[in-house]
Amino acid sequence: MAAHSGGLTAVAPSGTAPSAVTSPGGTVSVRNLIRSFGPKGVLNGVDLDIAPGEFVALLGPSGCGKSTLLRALAGLDHDVRGSGVISVPERVSVVFQDSRLLPWDSVLGNVTLGLREHDAEARARKALAEVGLAGREKSWPHELSGGEQQRVALARSLVREPQLLLADEPFGALDALTRIKMHGLLQDLIAAHRPAVLLVTHDVDEAIALADRIVVLDSGRVATVRTVTPEVGSAVDAAGHEALRRDLLADLGVEPVASH
Amino acid sequence: MSAAPVLERPAVEPHQDPALTGRPDVRPTGHRLGPGRRRRLAWLLGPSALLLLWTVSSATGLLDPRILSEPWTVVATAGELLADGRLQENLAISAQRAGLGLFFGIVVGALLALLSGLSRVGEALIDGPVQIKRAIPGLALIPLLILWFGIDETMKVLTITLGVFVPVYLQTHAGLRGIDLRYVELAQTVGLSRAAFIRKVVLPGALPGFFLGLRFAVTGAWVSLVVVEQINATSGIGYMMELARTYGQTNIIVLGLAVYGILGLISDGAVRFFERKALSWQRTLAG
């Protein structure tokens, strides 16, 4: 069973979504995933595979079910009805749109949260240094800027050496400049730690810049899957970048404006 | 440039950065809505003003000593009672009753709040009876408690406990229920055990509510103490005052009131001190 199979507050009623199973090889596989809130189906049979170390961006309009899919993989949908088979690696970390730092714990305490190893503190200090926050261990979360708080959240997820990193619009609440810096930081961190990543975003450019593969979700189904070659993803003026961007916007039902 | 009103500030205060001394500090002063910086011992201002009013009206004869003894008479009485040991003896027994009642009340209130806040079964079993208990004035239980436990210390401590546990329960429970579900999700994703979840998320999250309940509880403990000591006691500050009433000794009654007031002030200050220490992560208007 995955680490997050049980709820902490209440026992899940029967007939709700089955828990994820741990995959032996560290791959992610989702088969015929169905989730519904009330009579309305949110996910209507989603299949998805993520190889170890692969970066997949999940793109789609609001309400297409991308967050529901991520929450299903994170094991956070105890009370949601549905069916399907999910297998995820043993170590899964989640980064949310809000940094979700416990306001009553220090930055260091937030990073070590839930770590049981005896060297947890040393590893947390190292992770904080990696995200450029060495020396801020004793600060309260509210003393940090929004970008810094999200960097702490990244440190908290990476200190667990996840095989799968689930990120639900992690940079959605940040300003444009901070977001660009965070993209670079995330790329460095992923190069160092090599987790598989599922990034939920509504930002086409973010998806192209970061992902190896982009899955477009529409009305609870996988609409299209597009591969991003390293060359295309490397720069905005790379050959094929604009074409991919146009295709993705078309997938999302957006008519591209001539220039912007 | 338009002539926006620019207010000149007074010279830089001496405790500021010496490197800035003498440099002009001209800035537009927008009006602030928060209460401003915290000042040390500012809370003493109100009580001191009250004391001053009492002294002045006694000294000028505005206040008849038969109605309210003069402050100096009360101080002299305190000296006499301290000299023959009656004051500290009664104070000790009163403090012991209040302390024990508070202790048991806090433990019971906090435990019930945890049980009721963390499980649906607990809530179904506990919350209803506590709400019913809340609807019954605590002091209305005294006749029954006397029949059950007599008039000894058990009954007195129990009365205080019953008055104390309700606000502790209510506020802690509300604090617990108010913990953001997002933190619960986070706890799940980082794989916290139930024990660690309670220690790292539930208890700190419920702490602001607990402290609010504690302040109500401390005040409530003194109120219950007065009642049990004046109804049936042969010792304690309340008994001392009740005895003074039969002899018409206003000065002892006022002394008793002053002692209760000082005790209340000290205990509330202590709770607030610990609250500030424990909740230093909070950013609030109180500062």
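Taking the condition in contact (Cβ under 8 Å) with a residue 60 or more places away in the chain and either within 25 Å of A:ARG151 (Cα to Cα) or more than 10 Å from chain B (Cβ to nearest Cβ) (or both), does A:LEU58 pass?
For A:LEU58, the condition - in contact (Cβ under 8 Å) with a residue 60 or more places away in the chain and either within 25 Å of A:ARG151 (Cα to Cα) or more than 10 Å from chain B (Cβ to nearest Cβ) (or both) - is met.
Can you tell me which residue in region B:130-161 is farthest from the other protein chains (Cβ to nearest Cβ), limited to those that are farther than 19 Å from B:ALA110 by Cα and β-branched (Val, Ile, Thr)?
Checking each candidate, the answer is B:ILE151.
So A:SER139 passes all but one of these: (1) surrounded by 15 or more Cβ atoms within 10 Å (Cβ to Cβ); (2) outside any helix (DSSP H, G or I); (3) within 16 Å of the chain's Cα centre (by Cα). Which condition number does it fail?
(3)
Output yes when any residue across region A:77-92 is among the aliphatic types (A, V, I, L, M) and within 30 Å of A:ASP247 (Cβ to Cβ), and no when none is.
yes
Looking only at region B:265-275, which residues are at pLDDT 85 or above and either more than 14 Å from every other protein chain (Cβ to nearest Cβ) or in contact with an Asp or Glu (Cβ under 9 Å, 6 or more places away or on another chain) (or both)?
Once the filter is applied, which keeps residues that are at pLDDT 85 or above and either more than 14 Å from every other protein chain (Cβ to nearest Cβ) or in contact with an Asp or Glu (Cβ under 9 Å, 6 or more places away or on another chain) (or both), region B:265-275 yields B:ILE266, B:SER267, B:ASP268, B:GLY269, B:ALA270, B:VAL271, B:ARG272, B:PHE273, B:PHE274.
Can you name every residue in region B:44-67 that is under 21 Å from B:LEU263 (Cβ atoms) and touching a residue at least 12 places away in the same chain (Cβ under 8 Å)?
Going through region B:44-67, the residues under 21 Å from B:LEU263 (Cβ atoms) turn out to be B:44-51, B:54.
Hits for region B:44-67 are B:PRO47, B:LEU51, B:TRP54.
If I filter region B:195-204 for residues that are assigned to a helix (DSSP H, G or I), modelled with pLDDT of 90 or more and aromatic (Phe, Trp, Tyr), do I get at least one hit?
Within region B:195-204, one or more residues are assigned to a helix (DSSP H, G or I), modelled with pLDDT of 90 or more and aromatic (Phe, Trp, Tyr).
Filter region A:70-111 down to the residues that are surrounded by fewer than 17 Cβ atoms within 10 Å (Cβ to Cβ) and away from chain B (no Cβ under 11 Å) and list them by number.
A:ASP79, A:ARG81, A:SER83, A:VAL85
Here is a list of conditions, (1) in a helix (DSSP H, G or I); (2) surrounded by fewer than 20 Cβ atoms within 10 Å (Cβ to Cβ); (3) without any contact (Cβ under 8 Å) to a residue 60 or more places away in the chain; (4) at the interface with chain A (Cβ under 10 Å from one of its Cβ atoms), and B:TYR260 meets all of them except one; can you say which number that is?
Looking at each condition in turn, B:TYR260 falls short on (4).
Select from region B:167-185 the residues that are within 14 Å of another protein chain (Cβ to nearest Cβ), part of a helix (DSSP H, G or I) and touching a residue at least 12 places away in the same chain (Cβ under 8 Å) and write down the one among them that is nearest to the chain's Cα centre (by Cα).
In this case the residue turns out to be B:GLY175.
Could you list all residues from region A:25-50 that are surrounded by 15 or more Cβ atoms within 10 Å (Cβ to Cβ) and in a loop (DSSP other than H, G, I, E, B)?
A:GLY26, A:THR27 - these are the residues of region A:25-50 that are surrounded by 15 or more Cβ atoms within 10 Å (Cβ to Cβ) and in a loop (DSSP other than H, G, I, E, B).
Could you check A:ALA134 against (1) more than 13 Å from chain B (Cβ to nearest Cβ); (2) hydrophobic (A, V, I, L, M, F, W, C); (3) in contact with a Gly (Cβ under 9 Å, 6 or more places away or on another chain) and say which number it fails?
(3)
Out of the residues in region B:12-50 that are within 30 Å of B:PRO71 (Cα to Cα) and assigned to a loop (DSSP other than H, G, I, E, B), state the one that is modelled with the highest pLDDT.
In this case the residue turns out to be B:LEU41.
Answer with yes or no whether B:GLN282 is touching a Pro at 6+ places or on another chain (Cβ under 9 Å), within 14 Å of chain A (Cβ to nearest Cβ) and either buried (at least 20 other Cβ atoms within 10 Å of the Cβ) or polar (S, T, N, Q) (or both). Quick ask: steps written out before the conclusion?
Numbers: touching a Pro at 6+ places or on another chain (Cβ under 9 Å): yes; within 14 Å of chain A (Cβ to nearest Cβ): yes; either buried (at least 20 other Cβ atoms within 10 Å of the Cβ) or polar (S, T, N, Q) (or both): yes.
Here the answer is yes, as B:GLN282 does meet what is asked.
How about region A:202-260: which helices (runs of 4 or more DSSP H) wholly inside it have at least 2 residues that are surrounded by fewer than 17 Cβ atoms within 10 Å (Cβ to Cβ) and out of contact with any Lys or Arg (no Cβ under 7 Å at 6 or more places or on another chain)?
Numbers: elements: A:204-210, A:230-234, A:241-251.
Ranges flagged: A:230-234, A:241-251.
Let me spell it out: the conditions are (1) within 10 Å of chain B (Cβ to nearest Cβ); (2) modelled with pLDDT of 90 or more; (3) surrounded by fewer than 23 Cβ atoms within 10 Å (Cβ to Cβ); (4) within 22 Å of A:LEU158 (Cβ to Cβ), and A:GLY114 meets all of them except one. Which number is the exception?
So the condition that A:GLY114 fails would be (2).
State yes or no: is B:GLY191 within 14 Å of another protein chain (Cβ to nearest Cβ), at positive phi and either surrounded by fewer than 23 Cβ atoms within 10 Å (Cβ to Cβ) or in contact with a Phe, Trp or Tyr (Cβ under 8 Å, 6 or more places away or on another chain) (or both)?
In short, yes.
If you check B:VAL164 against the conditions, is it more than 14 Å from chain A (Cβ to nearest Cβ), among the hydrophobic types (A, V, I, L, M, F, W, C) and within 20 Å of the chain's Cα centre (by Cα)?
Working: more than 14 Å from chain A (Cβ to nearest Cβ): yes; among the hydrophobic types (A, V, I, L, M, F, W, C): yes; within 20 Å of the chain's Cα centre (by Cα): yes.
Yes: the conditions hold for B:VAL164.
Can you tell me how many residues in region A:164-182 are within 13 Å of the chain's Cα centre (by Cα) and either away from every other protein chain (no Cβ under 14 Å) or more than 22 Å from A:ALA122 (Cα to Cα) (or both)?
8
Take the residues in region A:142-163 that are polar (S, T, N, Q) and surrounded by 24 or more Cβ atoms within 10 Å (Cβ to Cβ); name whichever of them is nearest to the other protein chains (Cβ to nearest Cβ). Spell out the reasoning first.
Within region A:142-163, the first condition is being polar (S, T, N, Q), and the residues that meet it are A:145, A:149-150, A:157, A:163.
Filter again for surrounded by 24 or more Cβ atoms within 10 Å (Cβ to Cβ), leaving A:150, A:157.
On the way: A:GLN150: 14, A:SER157: 8 Å.
Ranking the candidates gives A:SER157 first.
The values are calculated or read from the model by the stated rules, or taken from the named source; none is laboratory data. Quantities reported herein were computed from a predicted structural model and do not represent experimental measurements. Here the Cβ is made from the backbone with ideal geometry for all residues, glycine too, and neighbour counts use every protein chain on show.
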